[in-house]
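Read-outs: derived from the displayed coordinates by stated rules, not from any lab. Quick caveat, the model's predicted, so the values are computed rather than measured. Counting neighbours? That spans all protein chains shown, and the Cβs are built from the backbone with ideal geometry, glycine included.
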Amino acid sequence: MQADLFDVGGVQFPRPFRIRRLGHFGINVLDPAAAVDFYCRLLGFRISDQIDFGARLPQETRDRYGPGNGYFLRHGTEHHSFVLFPRRVVDVLNPHYRSCPDNPTNQITWQVGSLREVVQGFDWFKATGRKVLRAGRDVPGSNWHFYPPDPDGHVNELFYGIEQVGWSGRSKPVQVHQLRHDRPPSLPHRSEYAEINEALAAGMPLDAGVRAEECGPEIHDVDGVLLARPFKVVRIGPVRLFVKDLAQAVAFYRDTLGLQVTEEVVYAGHRCVFLRANTEHHSIALYPAGLRAELGLADGSSLMSFGLQLGSYAQLKRSLEFLAAEGVAIRSLPGELFPGIDYQAFAVDPDGHLIQLYYRMDQIGWDGRPRPRGGAAPEPARWPEVVPASSDVYQGEVFLGPLN
């Protein structure tokens, strides 16, 4: 094997890990209660666990920074696919976030294929002088990880082995969360099965975890299933960031993390780059910070938007009607900025973040080439009742399990 290649499960790669997909995403919010209402009641996420960051502050200062609860949310069986943390409290506790006042993202999380990739990836980052903020294993969630920031300070996480929430809807009880690790383990490490057996032998109750309740009556027929809203989130992402130095940001996500550039576009003289982790057209998109004002977006935030894929085109249409009726602002941006996605619109969350709603994304095949660009989709008000099928519609990662 060449000295500059690594064995990743028997396959040679230029780094000792291979990112498989975008795993979860998080934002730091000003009003956690309002954010939970938006993401749970209106978008359908469920709380899998809470964490009290306020308790980490000195007693005499807690009231100064507002609510301290953070929330782990899920749209499927993974313990969390989205997290909401209290921004004022997190900024006080963590000097990294405090040093990036225009960055509301908490984490951009990438799944690798094994615990060995986490361990050897962490060692590679340290040996090559690349910055890592912390590493180990956190609870809730139970996933092994390490956290490298990008050049703009956006915290990325490479992880393996997140907790799965089963048919009961309950997360692991707090009693099972015995140890928090501050570095990756020595290999080989014991299995999850062995950890649970140890908890059982110690008499720990496995049915005492959090089970979220539905926020409203299940009255909407969603492809034959009654749900509390007329759509279902089936996948998360992509993440869209404004960056100060596009070349540096591309180098980090392409050369350090190993994502692949799918496509570049030039909009109003601005170069925009789209990178993928798997077969989707892009998992992350990078835009120059100078474009933000030209789009009429709020100054002071490096997050352009975060994406949520819904189960069908019909669900996408109904989601906009449902959210607008609930008083949520819906807006559009130029379609040229979103290659690989045709019908899409943005819901505005309580902090002003844009949540991109869409139903399909182009899938990239073995040759790595994107589909030739067609015309932009019309504004939502002019969307047709039905649309023709593309060759890759409803392809890619499939949502597993019942809709709710």
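Just a few scattered comments:
- Were the residues from residue 64 through residue 245 laid out at 0.36 nm apart, the gain over their Cα-Cα distance would be 61.6 nm.
- Within the range 229-264, backbone nitrogen closer than 20 Å to the virtual label 7 Å beyond the Cα of residue 214 toward Cβ: 229-235
- Relative contact order (percent, whole number), the chain, Cα cutoff 8 Å, 6+ residue spacing: 14 percent
- Approximate spin-label separation residue 134-residue 264, in nm, with each point projected 7 Å along Cα-to-Cβ: 3.7 nm
- Computed label-point distance, nm, for sites residue 170 and residue 332 using a 7 Å Cα→Cβ extension: 4.8 nm
- Shape category assigned to the range 247-404 from the gyration tensor of Cα positions, a/c cut at 1.5: oblate
- Prolate/oblate/rounded label for the range 57-179 (Cα gyration tensor, a/c 1.5): oblate
- Dipole magnitude (debye, nearest 20) for the chain, charges at Cβ of Lys, Arg, Asp, Glu: 560 debye
- Rel. contact order, % - alpha carbon contacts under 8 angstrom, at least six apart, the range 225-382: 25 percent
- A Förster radius of 45 Å combined with the Cβ-Cβ distance from residue 390 to residue 50 puts the calculated FRET efficiency at roughly 0.65.
- Between 374, 113, 70, the Gaussian network model of the chain with springs among Cα atoms under 10 angstrom shows the greatest mean-square fluctuation at 374.
- The slack between residue 190 and residue 7, meaning 0.36 nm per residue of separation minus the straight C-alpha distance, is 63.7 nm.
- Cβ-based charge dipole, the range 225-382, positive-most Cα from 275, 310, 243: 310
- Once you reduce the range 147-175 and the range 255-306 to the center of their Cα atoms, the two points are 24 Å from each other.
- Farthest towards the positive end of the charge dipole of the chain, among the residues 374, 210, 141, is the Cα of 141, using unit charges on the Cβ of Lys, Arg, Asp and Glu.
- Here each label is just a point 7 Å from Cα along the line to Cβ, and for residue 255 and residue 30 those points are 3.8 nm apart.
- Residues residue 399 and residue 126, FRET efficiency given R0 of 25 Å [Cβ-Cβ distance, rounded to 0.05]: 0.10
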